[in-house]
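> Please find one structure pasted underneath; my questions will follow.
Taken together, the values in this text are just the output of simple stated rules run on the coordinates, not laboratory data. All figures in this text were calculated on a predicted structure; none of them were measured in a lab. Note: ideal-geometry Cβ built from the backbone for every residue, glycine included; neighbour counts use all protein chains shown.
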Amino acid sequence: MWAWLHRLGSPKRFYGWSGALARWAGWGSLLLGVAGLYYALFASPPDYQQGESVRIMYVHVPAAWLSMFIYMNIAFASLISLVWRMKVADMFAAASAPIGAWFTFLALVTGSLWGKPMWGTWWIWDARLTSELILLFLYLGYIGLLSAIEERDTAARAAAVLALVGVVNIPIIHYSVEWWSTLHQGATVTKFEKPSIAWTMLRPLLLMALASTLFYIMVALRLARAELLRREADSTWVRELIDGHQGGGNR
Amino acid sequence: MGDFLHMGGYAFYVWASYLLGLIVVVVNLWQPRRAEREVWRQLKRRRRNEERMNESETP
Amino acid sequence: MSLARAWGALLRRDVMLALRQRGQLANPLLFFVMVVALFPLGMNPDPVLLRSIAPGVIWVGALLAAMLALESMFRSDFDDGALEQMLLTPYPLPLLVLAKVTAHWLVTGVPLLLVAPLLALLLNLEGEAVVILLASLALGTPLLSLIGAIGVALTVGLRRGGVLLSLLVLPLYVPVLIFAAGAVGNAQAGMAVTGQLAFLGALLALAVALAPLATAAALRISLD
């Protein structure tokens with residue numbers, strides 16, 4: 001019943017279709033990114049209260065969305081890896097982690113940059129920023145565990161367990177931080193939590209979010225493919241691939 | 001143009017955010033390229049060594 | 001041997017082994033006291049101020065002390081091969097894990113509970129808040145052992161897994177910290193604490209059911 005999944009996930013097959021997907025994602029991300037930037041910086045209005053600083057939202061919110069989305073991907077790939085023993089899923093999870101951490105970091109710093117002119121401080125212990133900070137620790141722990149264990153397969157499986165434990169804890173952590181934040185924040189503005197839903201502002205937001213998502217897919221696939229080649233170096237299909245490219249070319 | 005760069009007084013915050021975003025993109029574009037180049041170089045070298053050994057073996 | 005007796009036997013063995021090294025037991029406890037005692041030294045020891053930071057400080061101290069004590073959970077059994085033997089027994093590994101975690105809690109968590117009134121004294125925590133502090137520790141310290149066990153199992157094969165262990169486990173401890181310290185803070189303000197304690201209880205029930213499974217899976221991976 002799962003034969004099709006195994007076929008899709010076999011190293012050679014995966015290498016085949018992931019290349020095309022990565023290329024499409026790359027071009028898509030570029031086009032959408034340019035369009036998104038145009039609307040974000042030029043063709044959208046300043047906010048009634050926040051003025052031009054609302055444009056930071058078009059970087060901050062997609063980064064925050066992506067930081068969560070990527071962790072979900074890592075958890076999903078970890079589940080597939082543990083249940084179906086797919087090496088390819090391992091590699092995709094490991095490839096997703098660094099960029100996930102980068103987006104979390106971006107969300108945190110742009111959150112600060114957005115907050116400083118609005119709230120007057122560089123850091124505020126509100127629900128979103130605090131949750132993002134804890135998410136960054138989860139990412140760094142995952143990356144740390146992967147690099148600490150020498151045997152690659154053991155490292156991947158241990159990291160997979162960690163990712164699944166993390167994903168179960170994320171709703172609990174979010175809920176706890178939300179509760180804690182409402183208890184102590186009082187009059188602090190929370191309107192920045194929900195982006196404005198005016199179409200003129202939603203459009204750049206969605207464009208940037210889509211562009212970043214496609215960008216992530218491209219990056220993770222390319223990293224996973226490179227790792228795949230390294231690990232499957234002894235197999236025939238890799239040998240044939242190299243032979244076909246001897247004397248120059250890449251990819 | 002001046003107004004655009006000025007960003008209603010929030011220039012530093014807005015441009016710092018977009019610059020950081022650009023840095024994240026550039027770093028994450030560079031990483032896979034470097035990994036790919038590395039792997040291809042290694043694999044090609046291995047292949048060449050293998051072929052050299054095969055040739056030397058055939059009498 | 002029935003499951004219950006196997007569980008009891010392993011529990012008894014671990015507790016007896018730990019009691020033989022009584023000196024080691026004292027370390028996390030002393031650490032707990034010292035960390036809490038350092039705070040007044042680092043600031044203005046105004047009683048009102050100390051009282052307001054007491055819930056958070058005591059609980060962060062408990063977290064750190066619990067993390068220090070985590071390594072001993074599987075270390076000696078890993079080193080002498082007893083852990084591998086446990087993996088080979090016909091008993092379900094999560095059950096054996098639960099026995100070891102319970103033993104670990106009895107030996108490292110309960111002492112924290114016993115010394116907490118002293119720390120409450122140091123930070124001017126009084127009245128009902130002290131009772132709630134003990135209740136939060138009673139619910140929270142088993143949680144720290146259960147959740148911590150997962151981290152220890154993932155890093156047991158590493159030579160210097162100590163700091164990585166902290167990094168792995170601390171984010172998972174955050175909900176416990178929030179609700180436990182929150183309960184004590186509420187008690188100080190004369191507000192209801194049933195919500196927080198109920199949440200801790202629910203987390204504990206969830207952890208007792210799931211954490212041994214994750215820990216067992218992690219052990220099998222680490223000892224492969």
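> Taking the condition within 27 Å of B:Trp15 (Cα to Cα), surrounded by fewer than 24 Cβ atoms within 10 Å (Cβ to Cβ), more than 10 Å from chain B (Cβ to nearest Cβ) and of a type in the set (Phe, Trp, Tyr), does A:Trp84 pass?
Working: within 27 Å of B:Trp15 (Cα to Cα): no; surrounded by fewer than 24 Cβ atoms within 10 Å (Cβ to Cβ): yes; more than 10 Å from chain B (Cβ to nearest Cβ): yes; of a type in the set (Phe, Trp, Tyr): yes.
Considered against the rule, which asks whether it is within 27 Å of B:Trp15 (Cα to Cα), surrounded by fewer than 24 Cβ atoms within 10 Å (Cβ to Cβ), more than 10 Å from chain B (Cβ to nearest Cβ) and of a type in the set (Phe, Trp, Tyr), A:Trp84 comes out as no.
> Report, by residue number, each residue of the stretch A:1-52 that is under 30 Å from A:Phe92 (Cβ atoms) and either touching a Gly at 6+ places or on another chain (Cβ under 9 Å) or of a type in the set (Lys, Arg) (or both).
Pass one, the stretch A:1-52, residues under 30 Å from A:Phe92 (Cβ atoms): A:1-37, A:40.
Listed by number, the residues that qualify are A:Arg7, A:Lys12, A:Arg13, A:Arg23.
> Within the stretch A:5-22, restricting attention to residues that are touching a residue at least 60 places away in the same chain (Cβ under 8 Å) and surrounded by fewer than 18 Cβ atoms within 10 Å (Cβ to Cβ), which residue is nearest to the other protein chains (Cβ to nearest Cβ)?
Going through the stretch A:5-22, the residues touching a residue at least 60 places away in the same chain (Cβ under 8 Å) turn out to be A:5-6, A:9-12, A:14-15, A:18-19, A:21-22.
The next check asks that each one be surrounded by fewer than 18 Cβ atoms within 10 Å (Cβ to Cβ); those that pass are A:5-6, A:10, A:12, A:19, A:21.
On the way: A:Leu5: 22, A:His6: 22, A:Ser10: 19, A:Lys12: 15, A:Gly19: 11, A:Leu21: 14 Å.
Only one residue tops the list, namely A:Gly19.
> Let me ask something else. Restricted to the stretch A:106-128, and to residues that are part of a loop (DSSP other than H, G, I, E, B) and of a type in the set (Phe, Trp, Tyr), which residue is surrounded by the fewest Cβ atoms within 10 Å (Cβ to Cβ)?
Step one: of the stretch A:106-128, the residues part of a loop (DSSP other than H, G, I, E, B) are A:120-126.
Still in the running and of a type in the set (Phe, Trp, Tyr): A:122-123, A:125.
Values: A:Trp122: 11, A:Trp123: 14, A:Trp125: 14.
Going through the qualifying residues, I end up with A:Trp122.
> Which residues, counting only those in the stretch C:31-43, are loosely packed, with under 12 Cβ neighbours inside 10 Å and touching a helix residue (DSSP H, G or I) at 6+ places or on another chain (Cβ under 9 Å)? Please lay out each step first, then the result.
The first filter runs over the stretch C:31-43 and keeps only residues loosely packed, with under 12 Cβ neighbours inside 10 Å, leaving C:34, C:41-43.
Within the stretch C:31-43, C:Met34, C:Met43 meet the criteria.
> Within the stretch B:7-31, take every residue that is under 20 Å from A:Leu221 (Cβ atoms) and more than 9 Å from chain A (Cβ to nearest Cβ) and give me the one that is farthest from the chain's Cα centre (by Cα).
Applying the filter and picking the extreme gives B:Val26.
> Please go through (1) free of Cβ contacts under 8 Å to residues at least 40 places away in the same chain; (2) buried (at least 17 other Cβ atoms within 10 Å of the Cβ); (3) not acidic (Asp, Glu) for C:Leu122 and return the number of the only condition it doesn't satisfy.
That leaves (1) as the condition not met.
> Please work out which one of (1) surrounded by 20 or more Cβ atoms within 10 Å (Cβ to Cβ); (2) farther than 19 Å from C:Val35 by Cα is the condition C:Arg160 fails and give its number.
Every condition holds for C:Arg160 apart from (1).
> For residues that are within 18 Å of the chain's Cα centre (by Cα) and polar (S, T, N, Q), scanning just the stretch A:10-45, find the one that is nearest to B:Ser17 (Cα to Cα).
If we take residues in the stretch A:10-45 being within 18 Å of the chain's Cα centre (by Cα) and polar (S, T, N, Q), then A:Ser29 is nearest to B:Ser17 (Cα to Cα).
> Would you check if C:Asp14 is in contact with a His (Cβ under 9 Å, 6 or more places away or on another chain) and surrounded by 11 or more Cβ atoms within 10 Å (Cβ to Cβ)? Full working, then the answer.
Values: in contact with a His (Cβ under 9 Å, 6 or more places away or on another chain): yes; surrounded by 11 or more Cβ atoms within 10 Å (Cβ to Cβ): yes.
Yes; evaluated as a whole, the condition is true for this residue.
> Does the stretch B:32-54 hold any residues that are of a type outside the set (D, E, K, R), more than 7 Å from chain A (Cβ to nearest Cβ) and within 24 Å of A:Arg222 (Cβ to Cβ), and which are they? Steps first, answer last, please.
Step one: of the stretch B:32-54, the residues of a type outside the set (D, E, K, R) are B:32, B:35, B:39-40, B:42-43, B:49, B:53-54.
The next check asks that each one be more than 7 Å from chain A (Cβ to nearest Cβ); those that pass are B:42, B:49, B:53-54.
Answer for the stretch B:32-54, where residues must be of a type outside the set (D, E, K, R), more than 7 Å from chain A (Cβ to nearest Cβ) and within 24 Å of A:Arg222 (Cβ to Cβ): just B:Gln42.
> Provide a single number: the residues in the stretch A:23-63 that are free of Cβ contacts under 8 Å to residues at least 60 places away in the same chain and in contact with a helix residue (DSSP H, G or I) (Cβ under 7 Å, 6 or more places away or on another chain).
Matching residues across the stretch A:23-63 total 7.
> How about the stretch A:149-167: which of its residues are crowded, with 21+ Cβ neighbours inside 10 Å and at the interface with chain C (Cβ under 9 Å from one of its Cβ atoms)? Spell out how you get there, then give the answer.
The first filter runs over the stretch A:149-167 and keeps only residues crowded, with 21+ Cβ neighbours inside 10 Å, leaving A:149, A:156-163, A:165-166.
Within the stretch A:149-167, A:Ile149, A:Arg157, A:Ala158, A:Ala159, A:Ala160, A:Val161, A:Leu162, A:Val165, A:Gly166 qualify.
> Next question. Taking the stretch C:183-224, which residues are under 24 Å from A:Phe137 (Cα atoms), under 18 Å from the mean Cα position of the chain (by Cα) and not aliphatic (A, V, I, L, M)?
C:Phe199, C:Pro212, C:Thr215
> Which residues, counting only those in the stretch C:165-194, are away from every other protein chain (no Cβ under 11 Å) and assigned to a helix (DSSP H, G or I)? So that I can check it myself, show each step before the final result.
From the stretch C:165-194, those away from every other protein chain (no Cβ under 11 Å) are C:183-184, C:187-188, C:190, C:192-194; that's our starting set.
C:Ala183, C:Val184, C:Ala187, C:Gln188, C:Thr194, listed by residue number.
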